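Asks: So that we are looking at the same thing, I have put the structure below in structure tokens.
Laboratory data are not the source of any read-out in this text; all were calculated from the coordinates shown. Please read all numbers here as calculations on a predicted model, not as lab measurements. Neighbour counts run over all protein chains shown; Cβ positions are idealised from the backbone, glycine included.
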Amino acid sequence: MDQVLFQWGQFLTLLMIAFALSMDAFSLGIGVGMVGIRLREILKVSITIGLFHIGMPILGILVGAYLSELVGDIAVFIGGGVLMAIGLHMLWNGFVNGDQKVLRTKGFGLMIFAFSVSLDALTVGFSFGLIEVNRLLAISLFGIMGGAMSYFGLLLGRSVGGWLGDYSELVGGLILFCFGLKFIL
């Protein structure tokens, strides 16, 4: 029974982290969607972001697992500190850089856009390489949530305004900061 509760607890924790990480894609998607983007392009951008949300944490986990062997027991504190730093960075961007930049969503511009919204997933993957976590579940949730939230952000931006984008990044940053603090304590 305790093992089942632990697995559900880890699933819900990873789901909330995936949600927090996808807030960048959601908020930037709103800004990009406001310029009037076609549905076919929304699907292409969302799939690309979802794939980047899978690839970036894999790279981060590989680096984090290697460093975990070097630093040993302090790895949990480093991982929690990284999550807290990402959360603070997202909060800072939400307060200071409230206006969203509209990026190109074709070719190289699409790759830069997907890379920029997935960079947080790289650093979270790094922290997951330092601590014990179900990595396959985490990566799967990151990809699904990143793609879905970018899709909904682009659709919302296409149909309404950008007032929600600022708040979503703040909520995402707060969630990451709290989970990083939980790992440390």
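Asks: Which distance in nm do the two modelled labels at S159 and W8 give, with both placed 7 Å along the Cα-to-Cβ direction?
Replies: Those two pseudo-labels are separated by 3.3 nm.
Asks: Could you run the Karplus curve 6.51 cos²θ - 1.76 cosθ + 1.60 with θ = phi - 60° over the stretch 139-149 and give me ³J(HN,Hα) per residue in whole Hz, x for Gly and Pro?
Replies: Karplus values, whole Hz, x for Gly and Pro: 5, 4, 5, 4, x, 5, 5, x, x, 5, 5.
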